[in-house]
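Single-structure report; data block below.
Any read-out appearing in this document is the output of simple, stated calculations on the displayed coordinates, not a laboratory observation. Just so it is clear, the model here is predicted, and its values are computed rather than measured. Methodologically, a virtual Cβ is constructed for each residue, glycine included, from the backbone with ideal geometry; neighbour enumeration extends over all protein chains shown.
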Amino acid sequence: MEKKLTNNRNVFVSEEEKTLIWDDIQLDLEKNFGSEVYKSWLKDISLLKEFNDYLVLGVPTRFFRDWIVSRYLDKILELVKKFKLSVTRIEFRITEDKKTNLNQDFSEVSKVTEIKDSILNYNRLNPNLNFSNFIKGSSNEIALSYSKKVCEQISRYNPFYIYGGVGLGKTHLLNSIGMELEQKHNVMFISAERFMYHFIKSIKKNDMVNFKDFFRKSSVFIIDDIQFLRGKESLQEEFFHTFNSLIDKGSQIIVSADRAPTKLDRVQERIKSRLSGGLIVDIDSPDIELKNKIIRRRLEDIQNQFKESIIINDEVLSFIAQESKSNIRELIGALNRVIAFSRVHKRTLNINDCKSVLKDVFNQTKVITVDKIQSVVSNFFNIHLNEMLSQRRSRPLARPRQIAMYLSKKLTTRSLPEIGRRFANRDHTTVIHAVKTITRIMEKDEEMKKNINQIKGMLFEE
Ligand code: ADP
Ligand code: MG
């Protein structure tokens, strides 16, 4: 916190002091933004100067800077604060482009992106993500079964749209479809981030013709994380045309996103409506059963792959499955840490080792799921979950049911129809009614208010 009187103008300047290890922050950036965004935009950020309350980061070009500032800066700052709480702002300095001259800008961009940015390089499917190692559970079985159907006959469900939260298996499914169809079709697999990146690069290099041809020649076009396709009219225009021309010639389009098409922001209406025109499926958070299956299967795969005997006892595996939030990526990350620990220490972990190894993994903000709400509410009222979800209308069951619907609406990002579906396939109007009813009762009834607060407390603690 030290401030030092430095120059003769008598101003306080925070002294430069280096405590950050930039590589660690980079790892965290990759983890948080995902490898596509990271590789495209964040990898080349360097730490130039570090002060007590701010950082100066180097970025290759102005274009990079503007892009990063407009999209990622808030979150980068948040991450940096985890490493150094006193940092309150970030400044950028351009490390490569000397002039603002346009031509200069072009060459800088191509310099930065030199080696790895050929579209071909990014069109690789990952053979490790396929149908045979995708594990079925109640949260993903519909998405899985339609993904397989899409492979049986292309253009039947067109476009095929899969959505769900982070780390629930969307990319895994898309990739599986790609692997399956690759044998017979010209498959194009790209993230929306990459698509935009190549689009912009092509404009700068005056190479739009190639860009268009490249994407339009695919017979299966898979685009991952389409929520990143936003803003930039010209880009959306191009996407729309690509989309239409592919559909016209009978190509299959497969899309993933973190939300339903209607909820995409800063995406043109006509694109949303195009995206909604085929089949939409969602993946929900895994239940404990699925988490248990995935973690055990994963451990087995690692043992087979490395032909080593890693012994992780059952209690530890169950602990991880239980504690990990509704995110399969995090579940696997936790398992990897535990494995690394037992490799390094050459011994089997007990539950306390495990807790301490995973302390920071599990201490992140809590994600509340519909499942969790249902189980906490039914416990709270001492009724069976099946009864709460049943069609019976007696008040002792109907009230808790309505409370659970109300909380699902308030505490999760799920839409009304999605919530309805999770309550034994009820209509979204039933959910609306429940939300209204509980809101109204809460206004007058202290008891109700108290109950709801108590349930919330139970959801957020643990
Ligand atoms: P998303 O694209 O939805 O953010 P990913 O497809 O990247 O999520 O999945 C995150 C991790 O979880 C990946 O390692 C993936 O292989 C794994 N995973 C997700 N769902 C399953 C599943 N049902 N069976 C096995 N592994 C899964
Ligand atoms: Mg993904």
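Structure data summary
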quantity: Separation of the residue 304 and residue 212 label points, Cα + 7 Å toward Cβ, nm; calculated: 4.8
quantity: Rounded to 5, percent antiparallel among DSSP beta bridges of the chain; calculated: 25
quantity: In order through region 220-225: 3J(HN,Hα) via Karplus (6.51 cos²θ - 1.76 cosθ + 1.60), integer Hz, x for Gly, Pro; calculated: 10, 10, 10, 10, 9, 6
quantity: Range of Cα positions in region 421-462 per principal axis (Å), largest first; calculated: 30, 28, 10
quantity: In region 240-290, the trypsin sites (Lys or Arg not before Pro) that fall in loop regions by DSSP, at most 10 other Cβ within 10 Å; calculated: 266
quantity: Efficiency of FRET from Cβ geometry, residue 385 and residue 443, R₀ 22 Å, rounded to 0.05; calculated: 0.20
quantity: As computed over region 373-462, the Cα convex hull volume per residue (Å³); calculated: 88
quantity: Reduced Cα scattering model of region 219-333, Debye log10 I(q)/I(0), q = 0.17 Å⁻¹; calculated: -0.85
quantity: Cα extents of region 268-339 along the three principal axes, largest first (Å); calculated: 54, 25, 18
quantity: Estimated Rh, the chain: Kirkwood, alpha-carbon pairs, angstrom; calculated: 25.2
quantity: Residue-averaged [θ]222 nm for the chain, counting only DSSP H segments that reach four residues, each worth -39500 (n - 2.57); calculated: -16500 deg cm²/dmol
quantity: Largest-first principal axis extents, alpha carbons of region 288-439, Å; calculated: 57, 26, 26
quantity: 20 Å Cα-Cα reach of residue 307 towards lysines, excluding residues that sit fewer than 8 places from it in its own chain; calculated: 346
quantity: Global geometry of region 131-185, whether rounded, prolate or oblate, following the gyration tensor of its Cα atoms and the 1.5 cut on a/c; calculated: prolate
quantity: Estimated FRET transfer efficiency when R0 is 35 angstrom, pair residue 393-residue 156 (beta carbons, to 0.05); calculated: 0.30
quantity: Counting all C-alpha pairs of region 127-281, share separated by more than 18 Å (%); calculated: 55
quantity: Cα centre as origin, Lys/Arg/Asp/Glu Cβ charges: the chain dipole, Debye; calculated: 900
quantity: Members of 272/450; 436/456; 31/293; 201/272; 49/170 lying beyond 30 Å, as alpha-carbon distances in this model show; calculated: 272/450; 49/170
quantity: Extension gain, residue 24 back to residue 428 (0.36 nm per residue minus Cα-Cα distance, nm); calculated: 140.9 nm
quantity: Loop trypsin sites (Lys or Arg not before Pro), region 15-55 (other Cβ atoms within 10 Å of the site Cβ: 11 or fewer; DSSP); calculated: 18
quantity: Estimated distance in nm for a label pair at residue 43 and residue 75, the labels positioned 7 Å out from Cα along Cα-to-Cβ; calculated: 1.8
quantity: Mean-position separation - Cα centroids, region 17-81 and region 393-410, in angstrom; calculated: 45
quantity: Low-density loop cleavage sites - trypsin sites (Lys or Arg not before Pro) in region 137-229, where at most 11 other Cβ are within 10 Å (DSSP); calculated: 184
quantity: Inter-probe distance in nm under a simple model that places probes 7 Å from Cα toward Cβ, at residue 148 and residue 410; calculated: 4.1
quantity: Tail beyond 12 Å, pair distance distribution of region 179-227 (Cα, percent); calculated: 65
quantity: Theoretical gain in end-to-end length, residue 62 to residue 356 [0.36 nm per residue, Cα-Cα removed]; calculated: 101.5 nm
quantity: Reachable lysines, given that their alpha-carbon falls under 24 Å from the alpha-carbon of residue 205 and they are not under 8 places away in the same chain; calculated: 39, 43, 98, 99, 111, 116, 217, 232
